[in-house]
Amino acid sequence: MTCQSCHNAEATVRLQQVVNGKKSEIFLCQACAVQRGLPSAATNLPEFFGKVVSSILGEAPGKSSGRRSRGKHEPRKRCQQCGLTWAEFESGGLLGCAACYTAFEPVIKVLLRNIHGRNRHTGRRPQRLRPRAGKTVAALRQELERAIGEQKFERAAELRDQIRAAEQAGRTLPPRTP
Amino acid sequence: MKNDTDKPQNAWEAAAANSKRHCNELAKSVPSWLQRSGPHGHLVLSTRIRLARNLAAHAFPNKADLASQNKILAEVWDALAGLPLGASPRCLDLSRLPRLDREMLVERRLASPQFIQRKGPRLLALNADESLSLMINEEDHLRLQAMQPGLAIAAAWEAIRALDDQLSERVEYAFSERFGYLTACPTNTGTGIRVSVLMHLPALALLRGIEGAKSRLAQHGMTMRGFYGEGTAASGNMFQISNQVTLGKSEAEVMAVVAEVAEDLRQLEEHTRGQLMTGRNNFLLDRIWRAYGTLRYARMLNSQECLDVLSMLRLGHDCDLEEMKEWPLALFNELTLMLQPGHLRKNHKATAGAYERDSLRAMLLRVKLGLQP
């Protein structure tokens, strides 16, 4: 596939953007990708990452403001646990502690969605958090039905993930390798 | 400031007292996992899975003060007792090791380039055959790593899953129901998993250019990294493919995609080799025989050229050329590692300078491959 920007070189980078919940996709060559502020193979990811956090969040001029309203970013906002400010994260690319995820949750949600395409974990859970008995899964299912009945969809999604994780726990099948 | 002569305060300090000796032993030997032959061993050198984890009670390493960094080492080391790393895992204290030893650990892919450059207390723990290891106080508190020869994602997963499960019963991981395992860099949040497959793809690189393969990877949310991981260059037609997305996909889904893409690339490489060996096959044979000539007659080889020569000889071996087919694959793996600059300097004291090193490398390559010294 050729680059959809310069139409000259082979496209090697897929850029996915989600604007107002609408997903768009463009294939670029390395040069055009770098021009748009995306990393090249030699970039140190955290550093690069910090530099483009704001652009990932759509705060560059002329970008959609739809995301900004959901993930409003305040540079001086501070994590009470470790003292990291959002501005520090933007320059260094690394969060300071687990509590940062809560302190900056609205903007982190947007950021994670832009990096990974989704922002809800569906994988494994630490051993000590896993439900031990089948009864617990059944209880979760009941709660899920109740949540749907009450139109608490955020909670329903959480429960669905917990059920899935509980069902996967202990029998996470690795893929077939030849 | 801790003095080396101080009496160890913690279990890890006692264990790390032999860091230097462990390094000397490591440098002399090929990791035993690398000596085993794995599935598709001629095209796939190794499979690596790493998991990024943090402890709930401490700030991430970049924000943790010295006291909590030391506490993290103690907590994790104590928790490791009796876990799959073995009865007495080797413990290497990076802050006590000179640069050369640390570089040697990067060449063995036990430590990341970032890990050896960090300041502050940090440990590397590893099992006997080096197939399972743990960096403590890297970018995250814990980086668990499993290595397997060949394309063996399932085997690597089994090993690392067991370690992760047992560790998670003894220490409290930073975990949220919404975001999964919480990591310092949001690019690892969620599963914290990176599945990497190191492949030898000379025909693809020669005929099609590796850019085509890269765009296939991008379509699957994957990327191609260099020999030693993130931010390093590819050498000797070795390419490391790995997943980028860690959130919103389960570990099994991530592994399935990497397995599929690796298999895809493997078949494409085989197919391309087939094409190159039929018809105008001098295009390929010329490269291989030139490398053979270099092997026979060169008197100096720098590490880059050495990897390139090894790549072509390995291809000659795979193509069943008379002069090359008897060399065992394990020998190629051994040479790829042991002729790296850090290993050469560790094992041969007289090779501090590039001249001595390059001369020795050319000689060792001839001797190891059974030619006249």
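Sorting B:ARG296, A:ARG76 by the number of Cβ atoms found within 10 Å of their own Cβ, with the fewest placed first, yields A:ARG76, B:ARG296. Scoring B:156-168, B:92-104 by mean Cβ neighbours within 10 Å over their residues and listing the highest first yields B:156-168, B:92-104. Build a GNM of chain B with springs between Cα atoms under 10 Å apart, and of B:TYR355, B:TYR173, B:TYR181 the one that fluctuates most is B:TYR355.
Shielding value for B:59-70 is 4, the average number of Cβ atoms from other chains within 10 Å of each residue's Cβ.
The packing ranking, built from the mean of other Cβ atoms within 10 Å per residue, places the peptides B:212-219, B:120-127 in the order B:120-127, B:212-219, highest first. Counting neighbouring beta carbons within 10 Å and listing from fewest to most, the residues B:VAL195, B:VAL171 come out as B:VAL171, B:VAL195.
Count Lys and Arg as plus one, Asp and Glu as minus one, and take only other residues whose Cβ is under 10 Å from that of A:LEU95; the net charge is then 0. As I understand it, the value is the acute angle between the Cα axis of helix B:66-80 and the longest principal axis of the Cα atoms of chain B; what does it come to in degrees, rounded to 10? Taking Cα atoms only, the helix is inclined about 70 degrees.
Size descriptors for chain B: radius of gyration and Dmax over Cα atoms are 21.4, 70 Å.
Between the Cα long axis of helix B:354-368 and the first principal axis of chain B there is an angle of about 70°, rounded to the nearest 10.
Over chain B, DSSP H runs of length four or greater, each weighted -39,500 (n - 2.57), average out per residue to a 222 nm ellipticity of -14000 deg cm²/dmol. Roughly what angle does helix B:251-277 make with the longest principal axis of chain B, taking Cα atoms, 0 to 90 degrees, to the nearest 10? That helix lies at roughly 10 degrees to the long axis. Note on chain B: GNM, Cα springs under 10 Å; of B:ARG266, B:ARG178, B:ARG50, the largest mean-square fluctuation is that of B:ARG178. Going from the fewest other Cβ atoms within 10 Å to the most, the residues B:VAL309, B:VAL254 appear in the order B:VAL309, B:VAL254. For the peptide B:245-256, the mean number of other protein chain Cβ atoms found within 10 angstrom of a residue's Cβ is 6.
FYI, it's all coordinate maths here, none of it is from the lab. Computed from a predicted model, the values in this text were never measured in an experiment. Reconstructed Cβ throughout: ideal geometry from the backbone, glycine too, with neighbour counts over all protein chains shown.
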